[in-house]
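Structure, as structure tokens:
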Amino acid sequence: MNYIWEALAILFTGFCLFRIAGKKTVAEMTALETITILAMASTIGHAISENDLVKTIFALCALVTLLMFSQFLAIKFNIIEKLFIGKPTTVIQDGIIITNNLKKLRMTSEQLEAMVRQKGISSVTDIKTASVEITGQLGYELIKSAKPVTIGELEQMLNQLQSNILQQLTGTDQPSQNDKKIND
């Protein structure tokens, strides 16, 4: 019966610490966060087989504290951020694939093009800049001619078109000055 209470205590502690560590999905986690989560899972697994509840809870708290401390340092110091979290890598600039950066990422141009297609972009030439983010996802900015029209832009164009049509209609319906002189 004691095992059940210890397992529940470990589960509750792990749940609380996961909530403290952050609300990111696995795809959004940095390498440091992923390693911390795996270490926590391993610690919880060992805790169930052993009988030292307090030691396990302290170990879990230490892991999350280390993670939060490293995240704090990464915010304060760029070199820590670059070492522990990483920086995005630009892979497309003005529609041209930067092959040297792809080599650093150990990625082929075909893999990059597949990522571009998954974003619904038909051609690399439609991209102004694109980066592989620290999460491994593709971040991009389209060139102006490839950007979709927003509702605000569409409303502005429709209002302009409507005012142009009204001006043309009201200009042709009203008699001109010459027409008034002829009728008089």
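The values are calculated or read from the model by the stated rules, or taken from the named source; none is laboratory data. What you see is a predicted model; the values in this text were computed from it and never measured. Here the Cβ positions follow ideal geometry from the backbone for every residue, glycine too, while neighbour counts run over all protein chains shown. The accessibility values were calculated without ligands, DNA or RNA, using every heavy atom of the protein model including side chains. Shrake-Rupley method; radii C 1.70, N 1.55, O 1.52, S 1.80 Å.
For the range 59-117, state which chymotrypsin sites (Phe, Trp or Tyr not before Pro) are in a DSSP loop and have at most 12 other beta carbons lying within 10 Å of their beta carbon. Display every interim value, and only then the final one.
On the way: sites: Phe69, Phe72, Phe77, Phe84; in loops: Phe77.
Within the range 59-117, the qualifying chymotrypsin sites (Phe, Trp or Tyr not before Pro) (loop, at most 12 other Cβ atoms within 10 Å) are Phe77.
The range 94-163: which GluC sites (Glu not before Pro) are DSSP loop and have at most 12 other beta-carbon atoms within 10 angstrom?
Numbers: sites: Glu110, Glu113, Glu133, Glu141, Glu153, Glu155; in loops: Glu133.
Here no loop site has a sparse enough neighbourhood.
Among the listed pairs Lys55/Lys76; Lys87/Lys128; Lys103/Lys128; Lys119/Lys144; Lys104/Lys128, which are separated by more than 25 Å between their Cα atoms?
Numbers: Lys55/Lys76 31 Å; Lys87/Lys128 19 Å; Lys103/Lys128 20 Å; Lys119/Lys144 17 Å; Lys104/Lys128 21 Å.
Long pairs (Cα-Cα over 25 Å): Lys55/Lys76.
Using a 1.4 Å probe over the heavy atoms of the protein chains, calculate the carbon and sulfur portion of the accessible area of the range 119-168 as a whole percent. Please list the in-between numbers first.
Details: 2000 of 3650 Å².
That fraction is 55 percent.
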